[in-house]
Amino acid sequence: MNFRQLEVLKTLLATGSTIATAKSMGLSQSGVSRLLQQLESGLSLRLFDRDKGRLIPTPEATILARDAETILLGLNRFSGLAEDLRSGAAGPELVRIGLPSSMWENFAPAMLLEYSNEYPTVRIETFFETTSSIARLVEQKVIDFGFLRYEDQIGPGIEMERVATGSSVCVIPENHPLAALSEITPRELRGVPLVLIGRQRPNRMLLDQAFKRAGVKQNVKIETHTNSSACSYAAHGLGIAILSSFFANLYRHLPIVQRPFIPMSRQEFGLATPSGTSSSLAARALMDALKRQIVISQKDEI
């Protein structure tokens, strides 16, 4: 017994003929007869008496048709629910996402605007945190997914999908003399005020080692803990910032330029989800919106 056989039973009861049923269902008359025969055979019941070409429903057919109507309505509701889940009109009402603090200003609003147009009924909760905090929130399943840099503290309870890369750059006020250089080494930064991301982070430690190997003492003017503030301080002439091009590219609207910092280091960024879990359609759609926004934000990367 299948969906189409039940439809034939219901429609035959309503129309009283195979010709009308075939027209209503978009089938041939022989197709209707075949489905009816299959249904009767499967149920081991005669559902219609044949009288001079007419189909007369048996009492059993009338009883079964009532249940067939209920089953078909349920199947239609089921199909409709599946469609609503695909479109975001139904399903999880809340998606939680963790992002670095530097992505709140322009990146996140652009991503969420696109997503909300597609999934207007889904509520979103954003957490702007450090990499270690985002990793912890993912591992504890407080959030559906997070965007973070690959680092040693990412534990086994997290699965990562690489979605972006960056390289070390100097962020310089656009009218600064160093903007004339094609690349910058620690030697060019001797005595120059620097804006550096806080200590004890893997990339900061690599940077400190590069200056030490070059025999150049850093002139740290400002130490900060967000890439957005580092770019803003550089734009206001407070110093030269050194950070990942991924984040620097999010702030190209400021009066700053980027130049590769040598020795260059590479950074990888990914989407983190809890291990052993499956993301909802709504969460996966938000991940896709984030990936699309990354492509937009990183265009013309140096």
query = What strands (runs of 3 or more DSSP E) lie completely within region 190-280 and have 3 or more residues being in contact with a helix residue (DSSP H, G or I) (Cβ under 7 Å, 6 or more places away or on another chain)?
reply = 193-197, 240-244, 256-260, 266-274
key: region 259-270, subset over 20 Å from Arg190 (Cβ atoms) and either at pLDDT 95 or above or charged (D, E, K, R) (or both), residue most open to solvent (accessible area, probe 1.4 Å)   = Arg266
ask   = If you check Val142, Val220, Val216, Val163, which single one turns out to be over 14 Å from Leu271 (Cα atoms), of a type in the set (A, V, I, L, M), within 20 Å of the chain's Cα centre (by Cα) and surrounded by fewer than 19 Cβ atoms within 10 Å (Cβ to Cβ)?
value = Val142
ask   = In this structure, does Ser133 turn out to be open to solvent by less than 50 Å² (accessible area, probe 1.4 Å), in contact (Cβ under 8 Å) with a residue 40 or more places away in the chain and not β-branched (Val, Ile, Thr)?
value = no
query = In region 277-295, what residues are more than 20 Å from Leu94 (Cα to Cα) and either loosely packed, with under 13 Cβ neighbours inside 10 Å or charged (D, E, K, R) (or both)?
reply = Arg292, Val295
ask   = Which of the residues spanning region 22-51 are hydrophobic (A, V, I, L, M, F, W, C) and part of a helix (DSSP H, G or I)?
value = Ala22, Met25, Val32, Leu35, Leu36, Leu39, Leu43
task = Of all residues in region 183-213, count the ones that are farther than 24 Å from Ser132 by Cα and in contact with a strand residue (DSSP E or B) (Cβ under 7 Å, 6 or more places away or on another chain).
result = 7
key: Residue tally, condition over 16 Å from Ile63 (Cβ atoms), free of Cβ contacts under 8 Å to residues at least 12 places away in the same chain and assigned to a helix (DSSP H, G or I), over region 1-16   = 1
request  = Please find, among Ile184, Ile124, Ile172, the residue that is more than 24 Å from Ile296 (Cα to Cα) and aliphatic (A, V, I, L, M).
outcome  = Ile184
inquiry  = Let me confirm something: among Val171, Val142, Val138, Val163, which residue is in contact (Cβ under 8 Å) with a residue 24 or more places away in the chain and part of a helix (DSSP H, G or I)?
reply    = Val138
task = Out of the residues in region 100-122 that are assigned to a helix (DSSP H, G or I) and among the polar types (S, T, N, Q), state the one that is most open to solvent (accessible area, probe 1.4 Å).
result = Asn117
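The values are calculated or read from the model by the stated rules, or taken from the named source; none is laboratory data. Since this is a predicted model, take the numbers as computed values, not measurements. Cβ sites come from the backbone with ideal geometry, for glycine too, and all protein chains shown count toward neighbours. Just the protein is used for accessible areas: all its heavy atoms, side chains included, with ligands, DNA and RNA removed. Shrake-Rupley method; radii C 1.70, N 1.55, O 1.52, S 1.80 Å.
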